[in-house]
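Single-structure report; data block below.
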Amino acid sequence: MQCPKLHGGRVKKFDATGPRARRYARMAVVPTEMVLISDEELQRVAEERGPTSAEAQALAQLKSQRGQDLQVHCFRVGDTYLTGPLPEATEAASADMDIIDALKSSRKD
């Protein structure tokens, strides 16, 4: 969003997002782990912490999305809860030849 700013008697355009974007770009990115939370665990913690807890809100969102026939799950990233589909694999699976050979030999028997 750009808005005019007075600068020495002249109107100068000012980009309010520029400094913020530069500040975020300099921040160190700390990898966080995305942990799949089971429905039972989410239900248990939501009951312990009460109806206004983040867990209760995540559970309500999960139930709402599933009510729309969406295949979603709950994940915890740091101290934040997210709901959504299982993430796609980011790398190709490697074939374990020992397992493939064992499966082939079991079919021959």
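None of the figures in this text is laboratory data; all of them are computed from the coordinates on show. What you see is a predicted model; the values in this text were computed from it and never measured. Using ideal geometry, Cβ is built from the backbone for each residue, glycine included, and neighbour counts are taken over all protein chains shown.
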Give the long-range amide H neighbours of Ile37: residues separated by 5 or more places, or on another chain, with amide H under 5 Å away, using H modelled in the peptide plane at 1.01 Å from N. Cys74, Phe75, Arg76
Rounded to 0.05, the calculated FRET efficiency for the beta carbons of Glu41 and Asp69 at R₀ = 30 Å is 0.80
